[in-house]
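The values are calculated or read from the model by the stated rules, or taken from the named source; none is laboratory data. Just so it is clear, the structure is predicted and the values come from calculations on it, not from any experiment. Every residue, glycine as well, gets a Cβ built from its backbone with ideal geometry; the counts of neighbours run over all protein chains shown.
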Amino acid sequence: MCGRFTLTATPNEIAEAFSWLTIPEGAKSQAPRYNIAPIQPIAVVPNTGENKLDYYVWGLIPFWAKDPKIGNRMINARSETLAEKPSFKAAYKYRRCLILTSGFYEWQKQPGNQSKIPHYIRLKSGKPFAFAGLWDRWNSPDGSEVLSAAIITTQPNDFVKPFHNRMPVILPPSSYETWLAPAEKSPNELNELLAPYPAEEMEAHPVSTFVNSPRNDSPECIRRAA
């Protein structure tokens, strides 16, 4: 599961890491996010063919949903069952996206202790990167439109395994073109992209339980704990 993450990179750092991406003027003034939580806006690149950054709600609301609250339970999508689950199978074929991030949090159990220590996990390069995601468009009875997304998860690599039994799918740049193709894609064309990221390229450090509250969104969230 991935239940909390960050996007602390500046617009210039995002533009450097994703040189092909169009960043609207409004997005260039977005403040760093240190504690992104479900149902909040997340930075998304949908496969619309525009290669343009946008902001969607975190928690996928299928187009057929009667109640948008279903999105509260749909922040993650398991890679192994995307082609089978009614909530995700159409999006997997037609509506894929990148979700931009600088790192994510996992809470590690302590032997003989009920408390968990939060850890901040990122790439050793320190550069922003992208989760594989799915998106959908939901039309409210009042005529308004909600664009939402979910993060795809997979089996953990050897680095993440001590923290959690799932990890978000991190896509390498070489996969972006295929993943963001506007055309329909079959599971056979996509499944191999949803592999655990190389463990040797990742790092982590413990952080304060300050991050436990989604109300806290400051550099203190990612600061190494004593």
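Looking only at residues in region 159-171 that are in contact (Cβ under 8 Å) with a residue 12 or more places away in the chain and within 19 Å of Glu80 (Cα to Cα), the one that is surrounded by the most Cβ atoms within 10 Å (Cβ to Cβ) is Pro168. With respect to (1) of a type in the set (Phe, Trp, Tyr); (2) touching a Ser or Thr at 6+ places or on another chain (Cβ under 9 Å); (3) closer than 23 Å to Pro214 by Cα, the lone exception for Tyr55 is condition (2).
Within region 175-194, is there a residue that is surrounded by 17 or more Cβ atoms within 10 Å (Cβ to Cβ), within 20 Å of Pro32 (Cα to Cα), of a type outside the set (S, T, N, Q) and modelled with pLDDT of 95 or more? No, there is no match, as no residue in region 175-194 is surrounded by 17 or more Cβ atoms within 10 Å (Cβ to Cβ), within 20 Å of Pro32 (Cα to Cα), of a type outside the set (S, T, N, Q) and modelled with pLDDT of 95 or more. Restricting attention to region 89-137, the residues being among the small types (Gly, Ala, Ser), farther than 20 Å from Arg166 by Cβ and not in a strand (DSSP E or B) number 4. Among residues of region 1-40 being closer than 30 Å to Lys161 by Cα and in a strand (DSSP E or B), the one that is nearest to the chain's Cα centre (by Cα) is Phe5. The number of residues in region 63-90 being crowded, with 19+ Cβ neighbours inside 10 Å and in contact with a Phe, Trp or Tyr (Cβ under 7 Å, 6 or more places away or on another chain) comes to 3.
Just one of (1) more than 23 Å from Asn191 (Cα to Cα); (2) modelled with pLDDT of 95 or more fails for Gln110. It is (2). Residue-level check: of (1) surrounded by fewer than 24 Cβ atoms within 10 Å (Cβ to Cβ); (2) more than 24 Å from Asp67 (Cα to Cα), Gly143 misses just (2).
The condition of being small (Gly, Ala, Ser), free of Cβ contacts under 8 Å to residues at least 40 places away in the same chain and touching a Ser or Thr at 6+ places or on another chain (Cβ under 9 Å) holds for only one of Ala195, Ala226, that being Ala226. When Ala132 is tested against (1) closer than 29 Å to Ala15 by Cα; (2) of a type in the set (Gly, Ala, Ser); (3) surrounded by fewer than 19 Cβ atoms within 10 Å (Cβ to Cβ), only condition (3) is not met. Across region 207-226, the qualifying residues are those that are in a helix (DSSP H, G or I) and touching a helix residue (DSSP H, G or I) at 6+ places or on another chain (Cβ under 9 Å), and the one among them that is surrounded by the fewest Cβ atoms within 10 Å (Cβ to Cβ) is Glu220.
Scanning region 5-31 for residues that are in contact with a Leu (Cβ under 9 Å, 6 or more places away or on another chain) and touching a residue at least 60 places away in the same chain (Cβ under 8 Å) turns up Leu7, Ala9, Ile14, Ala17, Phe18.
Determine if region 138-148 includes at least one residue that is within 17 Å of Ile36 (Cα to Cα) and in a loop (DSSP other than H, G, I, E, B). No, there is no match, as no residue in region 138-148 is within 17 Å of Ile36 (Cα to Cα) and in a loop (DSSP other than H, G, I, E, B). Among the residues of region 48-58, those identified as surrounded by fewer than 22 Cβ atoms within 10 Å (Cβ to Cβ) and of a type outside the set (Val, Ile, Thr) are Gly49, Glu50, Asn51, Lys52, Asp54, Tyr55.
In region 156-206, the residue that is nearest to Trp135 (Cα to Cα) out of those that are in a loop (DSSP other than H, G, I, E, B) and of a type in the set (A, V, I, L, M) is Leu180. Residue-level analysis places Pro156 among those that are buried (at least 19 other Cβ atoms within 10 Å of the Cβ) and more than 26 Å from Pro32 (Cα to Cα).
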